[in-house]
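To keep things clear, I will list the structure first and then write my remarks on it.
A short reminder: the numbers here are calculations on the coordinates, not readings from a lab. Quantities reported herein were computed from a predicted structural model and do not represent experimental measurements. Cβ atoms come from the backbone with ideal geometry, glycine included; neighbour counts cover every protein chain shown.
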Amino acid sequence: MRGDAGSGLERAIELVLSIGLGVSGALLLAGLLAGSDGLLKWALLLLMLTPVARVVVLTVGLLHERDWLFGLISLWILGVLASSMAVAAH
């Protein structure tokens, strides 16, 4: 049963990464064609946040599977990413 949950988690991660890359690419292309700085900034922001979304999905999946050790490690990584973003914002 654990193998099935793991493959479902892998598919969810793949979906998040694919959607993030696809939407970011579409925004980048639209921004380049329209000459819009706003669209380009959103494209880059989404591209940078896609790996963060991957860690969020992984963390939720691990905790749902009751893999406490790796779930806590993923939570730690999310904390590091969040603190990095907070420092960068100031």
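So if each residue of separation counts as 0.36 nm, and I subtract the Cα-Cα distance between Ile73 and Leu33, what length gain in nm does that give?
Full-extension gain reported as 10.2 nm.
Who wins for biggest fluctuation among Leu58, Leu33, Leu45 in a Gaussian network model of the chain, springs between alpha carbons below 10 Å?
Among Leu58, Leu33, Leu45, the largest GNM mean-square fluctuation belongs to Leu33.
Determine, for Ser83, Ser36, the number of other Cβ atoms within 10 Å of each Cβ, and report the residues in order from fewest to most.
Ser83, Ser36
Before rounding to the nearest 500, sum -39500 (n - 2.57) across all DSSP H runs of length at least 4 in the chain and divide by the residue total; then give [θ] at 222 nm in deg cm²/dmol.
-33000 deg cm²/dmol
Grab the beta carbon distance between Ala89 and Val23, set R0 = 25 Å, and tell me the FRET efficiency rounded to 0.05.
0.65
For a footprinting-style exposure proxy, rank Glu10, Glu65 by other Cβ within 10 Å, fewest first.
Ascending Cβ contact count within 10 Å gives the list Glu10, Glu65.
Restricting attention to region 14-90, which trypsin sites (Lys or Arg not before Pro) occupy a DSSP loop and are surrounded by at most 16 other Cβ atoms within 10 Å?
Arg66
Placing +1 at every Lys and Arg Cβ and -1 at every Asp and Glu Cβ, with all other atoms neutral, what dipole size does the chain have around its Cα centre, in debye to the nearest 20?
Rounded to the nearest 20 debye, it is 100 debye.
Mind grabbing the base-10 log of I(q)/I(0) for the chain at q = 0.11 Å⁻¹? Debye formula, identical points on the C-alpha positions, no solvent, two decimal places.
One equal scatterer on each Cα of the chain leads to -0.41.
Starting from the 7 Å offset along Cα-to-Cβ, what nm value, one decimal, do you get for the label separation of Ile13 and Val80?
Inter-label distance under the simple model: 1.6 nm.
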